Amino acid sequence: MKKRWTAFFLAFLLGLGLTAYGKTPEPDTNTDAPPSAAEDIRQQTSTPFSADYWTAVRHESYDAMNDCMKTSAMPTEAWWADLYLNEDGTAQFRDVLGSYYNTSLLDGNWWLGADSTLRLTGTMNTGEPLTLDGRIESTDSLVIETPYGDTFYFAPAERPGPGGEMGIADLYGTWRMTHYEEDGREYRPGEEHIASMLCFDRLWSDLLEGYVMRADWYHAAGLDTDTPQYRSEKHLLAEQIEEPLMPGLSNETWSVRLTDEETGAAFFAALTNRNSLLVRIPYEKNGGEGGRTVTYMRSSGFLPPALENAMTGESEKSLIFYWRDPPAEVTEPLSVIPMNALEPNGQNKLLLVGRWYETDIQFGVGTPVLNDDGTQQSWISEKVVYEGKIKINEPLFFSLTIPEDTAQVCLFMKRPWDVSWFTWPITDQTPFYVSGDTFLTGGS
């Protein structure tokens, strides 16, 4: 098992009349919108409560099934919420279940209105706008209501240290390597012909009654050669630990351990801000220990924008998105995905992306039997050269040389409940010629 993890690291070598808080609005003051941050600072007086950091101690919500209010004590082992009301008028609210945000306001502002009303506005981690309304009950108690029918009761708490405003839930999403440091030198992946991605997702755990964070790691080296090397590690467990990754980071409070549960081996990471992730990877070097610090930056998603845009307006219930010889703005961000060779020295590339449902796919070598009008009657298979499944939004690359006339390779597609396969011969000959990007459906 130690050899396996060593190889893993060696591969990597490759509306309430609101105004500034603490001040009652004048009769003629326009209170439809909050004042600017500068005006907030000029107008602020003493904070009308005892703390700028709060934790939730109780939660209430309506139980429609039983027609009653449901009250829960907080925090629990898996569920907690906190609130920052900073002196400069900025705000943050987090409602976290395990390693996942139920609700969040991470880039917000707060201000007070008449009768100790409180309002927070900003955006969630998803980028969607959010407004939260609340009230101050006393110097040591306040309440926040979400648009989703949840009410949180807060009490003052000790403010976390630098980095504490972030948490493991902020890892969710796709991260791409931008550079790495080793032996005091900085390297760029493009110059070294390597690429790496980390993809974090949350999965529900019945045991913990909350979400756990998992990571998939992808790495490619030798991208300037005819035989690139691809490695991946799937379902690494991500756990937050209360110690910093290394001295001198802006995040002094916590880091993340990524563990391969089969081997028990681990490496460590830390968010320096919500869009920048450092990963420290140890390895053996000249009989001793070495290390590399890799910087990943948050990406808009696993699929590049050019591909997402091409897939808009898809046919209803499309099985697969098919793109012949996609451009560099599609292939380069996905360079960590291995190329499946359907034949030696293939001159063309096919990109398949699963769409409506997990779909069984095969590529078979053989000969088509055509009707008089040139359409395919059937396919005589000689050999299956690829067999597998394609998941929703999963990209797969294939290489072959597409003939200008009779197809030699055919793509077979079938959903789990289908009895027969849908076929698509790979050829430049009409009616099977595919120009640009196309959705393949059961009716194709």
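Read-outs: derived from the displayed coordinates by stated rules, not from any lab. If you're wondering where the values come from, they're calculated on a predicted model, not measured in any experiment. Here Cβ is always computed from backbone atoms with ideal geometry, including for glycine, and neighbour counts include all displayed protein chains.
State whether region 263-376 is rounded, prolate or oblate according to the following rule on the C-alpha gyration tensor (a ≥ b ≥ c being the square roots of its eigenvalues): a/c under 1.5 gives rounded; otherwise a/b larger than b/c gives prolate, and the remaining case gives oblate.
Working: a/c = 2.96, a/b = 1.93, b/c = 1.54.
Note, shape of region 263-376 comes out prolate.
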**Q.** Per-pair calculated FRET efficiency, R0 = 45 Å: residue 159 and residue 115 via Cβ, rounded to 0.05
**A.** 0.95
Q. In terms of the ratio Rg/(2.2 N^0.38 Å) built on C-alpha atoms, what value belongs to region 325-367?
A. 1.36
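Arranged from highest to lowest average of other beta-carbon atoms within 10 Å per residue, in what order do the peptides 336-344, 192-200 appear? The partial results should precede the final answer.
Details: 336-344: 16.6, 192-200: 21.1.
Packing order, densest peptide first, comes out as 192-200, 336-344.
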Q | Extended-chain gain in nm, criterion 0.36 nm per residue less alpha-carbon gap, residue 70 and residue 373 | A | 102.3 nm
Q. Points 7 angstrom from Cα along the Cβ direction at residue 421 and residue 209: gap in nanometres?
A. 4.9 nm
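Under a Cβ-Cβ cut-off of 14 Å, what is the net charge of the residues other than residue 432 that fall near it, where Lys and Arg count +1 and Asp and Glu count -1?
Numbers: positive: 324; negative: 373, 404, 405, 428.
Spelling it out: positives minus negatives among the neighbours equals -3.
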Q. Taking R0 as 25 Å, what's the FRET efficiency between residue 148 and residue 240 from their Cβ-Cβ distance, rounded to 0.05?
A. 0.50
Q) Which of rounded, prolate, oblate describes region 205-256, given a ≥ b ≥ c as roots of the alpha-carbon gyration tensor eigenvalues and a/c under 1.5 marking rounded, otherwise prolate only if a/b is larger than b/c? A) oblate
**Q.** residue 376 long-range amide H proximity, modeled H, under 5 Å
**A.** 371
Q. Which whole-number percent is the relative contact order of region 283-401 (Cα, under 8 Å, 6+ apart)?
A. 28 percent
Q: Could you order peptides 346-359, 117-130 by the average number of other Cβ atoms within 10 Å of their residues, highest first?
A: 346-359, 117-130
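What is the gain in length, in nm to one decimal, between residue 102 and residue 315 on full extension, counting 0.36 nm per residue of separation less the C-alpha to C-alpha distance?
Numbers: separation 213, 0.36 × 213 = 76.68 nm, distance 3.20 nm.
Gain in length upon complete extension: 73.5 nm.
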Q: Give a quick list of trypsin sites (Lys or Arg not before Pro) in region 187-277 that DSSP marks as loop, anything other than H, G, I, E or B, with at most 16 other Cβ atoms within 10 Å.
A: 274
(Q) For the pairs 317/414; 234/414; 234/349, flag any whose C-alpha to C-alpha distance is greater than 19 Å. (A) 234/414; 234/349
Q: Could you let me know the centre-to-centre spacing of region 211-262 and region 63-81, using Cα atoms, in angstrom?
A: 34 Å
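Can you classify region 129-182 as rounded, prolate or oblate using the Cα gyration tensor, where a ≥ b ≥ c are the square roots of its eigenvalues, rounded means a/c under 1.5, and otherwise it's prolate if a/b beats b/c and oblate if not? Spell out each step's value before the answer.
Working: a/c = 4.39, a/b = 1.94, b/c = 2.26.
Oblate, because a/c is 1.5 or more while a/b does not exceed b/c.
Mind giving me the FRET efficiency for residue 428 and residue 250? R0 is 51 Å, r the Cβ-Cβ distance, nearest 0.05 is fine. Walk me through the numbers before you get to the answer.
Working: r = 55 Å, r/R0 = 1.08.
The formula returns an efficiency of 0.40 here.
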Q. Just from the alpha-carbon atoms, what are the Rg and Dmax of region 82-162 in angstroms?
A. 12.2, 37
Q.
Considering only C-alpha atoms, what is the centroid distance from region 300-364 to region 136-183, in Å?
A. 36 Å
